[in-house]
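Some notes on the structure that comes next.
The values are calculated or read from the model by the stated rules, or taken from the named source; none is laboratory data. Everything numeric here is computed off the predicted structure, so don't read it as measured data. Positions of Cβ are backbone-derived with ideal geometry, glycine not excepted, and every protein chain shown enters the neighbour counts. With ligands, DNA and RNA removed, areas are computed over all heavy atoms of the protein, side chains included. Shrake-Rupley method; radii C 1.70, N 1.55, O 1.52, S 1.80 Å.
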Amino acid sequence: MSLNFFMPARLLSGVDCVKNNSSLFGTLGEKCLIITGGSSAKKSGALNDAKLALEKEKITYEIFDSIEPNPLISTCHAAGKKARETSADFIIGIGGGSVLDATKASAIYATNGELEPMQIYNKSYKNRPLPIALIGTTAGTGSEVTGISVLTQDESGRKKSISGEDCYAKFSFLDPKYTYSVPYEITVSTALDALAHTVEGWFGHKMNDVISLFAHKAMHMLWQNIKHMAEEKELTDKKRRDELYYGSIYAGLVINACGTCFPHPVGYALTEIHGVPHGKACAAFMPLFLERAEEFEPEKLKALLGTVGETRQSFSQTVSKLNDLKSIKITADEAKRCEKNWQNEEPEKFKASPGGLTPKEAVQMLVSLNLE
């Protein structure tokens, strides 16, 4: 079994890790661009902590606060331009997965002014991106530890990722207190996203002995709190929030090494067409994914379910309780258009799924999906 593992970001964790490690920002330069979304950076307290840390180190900064959910390529391009205009030496991204992913792309645009928005997918730019530091405020994508950035194309609305060594942070600050202010429904969706990373990675062809340790840890930390939310419809306890956040980081390490399977690309269709939050969109296909796992890889499924003491049915029922996507329906024509995209861009995610899966089979799965 292969033991390949690559993750160059330096991780700083614990309460007040941003303020307690302010000197690290000084190693990145004297001028900074902070990238955020609408309000979570402020509400969580993360933006204020970052400002205090920069001011302590006498680092000047500007703020770009226009990143939207499912970040548009054009917005990332604009953020990169702002970094050039302000002569930023580095970028700090503060927010959920959308902001962190956008920060990675913006750092590439910042040093490659000639790069048109869509050309980022060509990976043919000349200059290395600006160094970035990431501060997460949700327990979901694990973008703090991955070399992946998922972006939304302006004209088509399609989600497509970039990845590689240029997408890693220099430093990632992991302080779970920033997740305490996240609304319940967003907490549910991001937790389901982290769960999808762990479950899909578990069956991926790149799973190995090292990554399986992260997967086991993620399953324990995520599942007990996902089950609590399904039963109690709340997550107010700070200890549970802490566990959920660190579980999402372990899940991020899993997806970084193993990638995802078909629930992710097929789930994108629910997001692109109906605006379903990413985590819930992926989780919508988890029951079908586990059915295929039971048929094609029963021993792996047994080991997965054994980590949390569930049956396939009870596991799927808990996920479905949290994933109330009523009245969502994909037409045959809409699904057919998705098939073309999958054939061109996502074949490895279908091949990595239990038993393999063709885009044509995925079309039928998408059309027949019953979310009532």
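For region 111-124, filtered to residues that are polar (S, T, N, Q) and not in a helix (DSSP H, G or I), the residue that is least open to solvent (accessible area, probe 1.4 Å) is 112. Residue 108 - would you say it is closer than 30 Å to residue 247 by Cβ, modelled with pLDDT of 95 or more, in contact with a helix residue (DSSP H, G or I) (Cβ under 9 Å, 6 or more places away or on another chain) and crowded, with 16+ Cβ neighbours inside 10 Å? For residue 108, the condition - closer than 30 Å to residue 247 by Cβ, modelled with pLDDT of 95 or more, in contact with a helix residue (DSSP H, G or I) (Cβ under 9 Å, 6 or more places away or on another chain) and crowded, with 16+ Cβ neighbours inside 10 Å - is met.
Every residue, every condition in (1) part of a helix (DSSP H, G or I); (2) modelled with pLDDT of 95 or more; (3) within 17 Å of residue 206 (Cβ to Cβ), yes or no:
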site: 228; (1), (2), (3): yes, yes, no
site: 242; (1), (2), (3): yes, yes, no
site: 247; (1), (2), (3): yes, yes, no
site: 271; (1), (2), (3): yes, no, no
site: 276; (1), (2), (3): no, no, no
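Within the set 135, 162, 148, 120, the sole residue that is among the hydrophobic types (A, V, I, L, M, F, W, C) and over 25 Å from residue 280 (Cα atoms) turns out to be 120. Of all residues in region 75-92, those satisfying the criterion of being touching a strand residue (DSSP E or B) at 6+ places or on another chain (Cβ under 7 Å) and assigned to a helix (DSSP H, G or I) are 76, 79, 82, 83. Looking across 243, 200, one residue alone is among the acidic types (Asp, Glu) and open to solvent by less than 30 Å² (accessible area, probe 1.4 Å). It is 200. Candidates 313, 317, 343: the one that is under 25 Å from the mean Cα position of the chain (by Cα) and within 25 Å of residue 188 (Cβ to Cβ) is 317.
Identify, please: which residue in region 318-346 is under 16 Å from residue 289 (Cα atoms) and part of a helix (DSSP H, G or I) and is, among those, modelled with the lowest pLDDT?
Going residue by residue through region 318-346, those that are under 16 Å from residue 289 (Cα atoms) are 318-320, 323.
Still in the list and also part of a helix (DSSP H, G or I): 318-320.
Working: 318: 97, 319: 96, 320: 92.
So, considering only residues that are under 16 Å from residue 289 (Cα atoms) and part of a helix (DSSP H, G or I), the one modelled with the lowest pLDDT is 320.
Every condition in (1) closer than 30 Å to residue 364 by Cα; (2) assigned to a helix (DSSP H, G or I); (3) out of contact with any Asp or Glu (no Cβ under 8 Å at 6 or more places or on another chain); (4) in contact (Cβ under 8 Å) with a residue 60 or more places away in the chain holds for residue 206 except the one numbered (2). Selection within region 35-50: residues that are among the aliphatic types (A, V, I, L, M) and over 16 Å from residue 69 (Cβ atoms). The member of this set that is surrounded by the fewest Cβ atoms within 10 Å (Cβ to Cβ) is 47.
Among the residues of region 125-151, write down those that are part of a strand (DSSP E or B) and open to solvent by 10 Å² or more (accessible area, probe 1.4 Å). So that I can check it myself, show each step before the final result.
Filtering region 125-151 for residues part of a strand (DSSP E or B) gives 132-136, 148-151.
Hits for region 125-151 are 148, 150.
Against the numbered list (1) under 30 Å from residue 197 (Cα atoms); (2) open to solvent by 60 Å² or more (accessible area, probe 1.4 Å); (3) free of Cβ contacts under 8 Å to residues at least 40 places away in the same chain, residue 20 comes up short only at (1). Scanning region 251-262 for residues that are crowded, with 24+ Cβ neighbours inside 10 Å and assigned to a helix (DSSP H, G or I) returns 251, 252, 253, 254, 255, 256, 258.
Examine region 313-322 for a residue that is more than 13 Å from residue 200 (Cα to Cα), among the small types (Gly, Ala, Ser) and surrounded by 21 or more Cβ atoms within 10 Å (Cβ to Cβ), and state whether such a residue exists.
Within region 313-322, not a single residue is more than 13 Å from residue 200 (Cα to Cα), among the small types (Gly, Ala, Ser) and surrounded by 21 or more Cβ atoms within 10 Å (Cβ to Cβ).
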